[in-house]
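Coordinate-derived values only; no laboratory data. The shown structure was predicted, so the numbers you read here are calculated from the model rather than taken from an experiment. Virtual Cβ from ideal backbone geometry, glycine too; neighbours counted across all protein chains shown.
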């Protein structure tokens, strides 16, 4: 029986190792396919047009880089989080612009072109914000702007630009390729979610109530702030809410691993917030989709 138990533990370890190795590749596939699908499906004008409303842009930046970090700071103090968990939550609160927003916007039947426009603003701002603000807030942090910028540019900005370029040159090909890339993104999204949960099951199970509660309230609070921001822009309300709540885990992970490698709790908190965000934002996206359908039905009743 002991041998069988040991064998079972060994198998579980191998499974976790496999899914841990799958996480970065699945995430890369998801980011690239998501941004390509947006580029194939929209023109440059459609991506840039939403940015003409400067008040909307300023509001989005304020929600992502003032309210979100501020809420993270309040929660880490209220819940009296351990230092590694507090740093992890603050990093997540400071990093905005995730490729997951595209899929969430599609699920919610939101304005995907506006979601892509939002990412085009948030990604470079995240690089600057993490490089300038985090070292001030966390004195021991030495953040490399290039280490954050290069993977984000290669996995998000470059595929979006490539998709827009292909659409401009070969619109028929882009139109037929867009749904294919969207399906690839959907499969990759499932792979990312499953692999993150399986690879980090132990950490998720043992982290404790306070960090998990802080992560949950952070996601719900940022979603709520984005939703309130969208009261003036009803047709964009769901994207603004999801765009504020869905944080840039890739950027937060870069800082957590490169700067706080001696504090594994930092990466654990980033991971826990990632999973909590997925668990909460998926049903919220479906709820936004149902709400949009009801509004459409009432208008055309």
Gain on full stretching of the segment that runs from residue 53 to residue 74 - 0.36 nm per residue minus C-alpha separation: 4.5 nm
Can you sort 82, 238, 262, 111 by how many other beta carbons sit within 10 Å, fewest first? 262, 82, 111, 238
What's the extension gain from residue 176 to residue 282 if we count 0.36 nm per residue and subtract their Cα-Cα distance? 35.4 nm
Which log10 I(q)/I(0) values, to two decimals, does the range 2-290 give at q = 0.07 Å⁻¹ under the Debye formula with one point per Cα? -0.25
Using only the alpha carbons of the range 21-163, what is the convex hull's orientation-averaged projected area in square nanometres? 9.7 nm²
Please identify, among 255, 136, 44, the residue showing maximal mean-square fluctuation in a Gaussian network model of the chain using a 10 angstrom Cα cutoff. 136
What is the fewest-to-most order of 167, 55 by other Cβ atoms lying within 10 Å of their Cβ? 55, 167
Give me the number: length gained by fully extending residue 62 to residue 169, i.e. 0.36 nm times residue separation minus the C-alpha to C-alpha distance, one decimal in nm. 34.9 nm
Listing 43, 94, 195 from the residue with the fewest other Cβ atoms within 10 Å to the one with the most, what is the order? 43, 195, 94
Between 245, 256, 149, find the one with the highest GNM mean-square fluctuation for the chain; connect C-alpha pairs within less than 10 Å. 149
Rounded to the nearest 0.05, what FRET efficiency is calculated for residue 194 and residue 12 with R0 set to 22 Å and r the Cβ-Cβ distance? 0.90
Relative contact order, percent, the chain [alpha-carbon distance under 8 Å, six or more residues apart]: 33 percent
Of the candidates 231, 242, 130, which one comes out as most mobile in a Gaussian network treatment of the chain with C-alpha springs shorter than 10 Å? 231
